[in-house]
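Encoded as structure tokens, the structure appears first; notes follow it.
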Amino acid sequence: VQLVESGGGLVQPGGSLRLSCAASGFTFSSSAMGWYRQAPGKQRELVARISSGGRTNYADSVKGRFTISRDNAKNTVYVQMNSLKPEDTAVYYCNAVQYWGGASWGQGTQVTVSS
């Protein structure tokens, strides 16, 4: 199983970024995918999750600003992040949960929101 995140970087408050996670080594279409984040000194927390059937759920802190989506043909999951705030600064991790319950993580990508 391999999950490779990309798209992180430095952005000003109010800006946008789109993170991508390219997956391989497992049956992507049958797996739930998610984005988590971890800020310095804090626990890793769920940002957004999308089921194999396309059902989504979001952390209250990102509802209305972030949108998770998946492209099963490309084995890729995305999160579009708009109206970014300094408190969104964190390392963002891609997560996969396969149909049998096995979970995997990517290496993370840094998102920094600062002027």
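Data table
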| quantity | calculated |
| --- | --- |
| Zone of Lys74's modelled label, taken as backbone nitrogen in region 20-60 under 15 Å from a point 7 Å along Cα→Cβ | 20-24 |
| Cα-based reach from Lys42 at 29 Å (exclusive), listing lysines while leaving out same-chain residues under 8 positions away | Lys63, Lys85 |
| The chain - percent of accessible surface contributed by carbon and sulfur, probe 1.4 Å | 46 percent |
| The chain - percent relative contact order, Cα under 8 Å, separation 6 or more | 37 percent |
| Solvent-accessible heavy-atom area per residue, rounded to whole Å², over the chain at 1.4 Å | 51 Å² |
| Diffusion coefficient, µm² s⁻¹, Stokes-Einstein with Kirkwood Rh over alpha-carbon pairs of the chain at 20 °C and 1.002 mPa s | 153 µm²/s |
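The values are calculated or read from the model by the stated rules, or taken from the named source; none is laboratory data. Bear in mind the structure is a predicted one, so any value in this text is a computation, not a measurement. We place every Cβ from the backbone using ideal geometry, glycine too, and count neighbours over all the protein chains shown. Please note that ligands, DNA and RNA were not included when accessible areas were found on the heavy atoms of the full protein model with its side chains. Shrake-Rupley method; radii C 1.70, N 1.55, O 1.52, S 1.80 Å.
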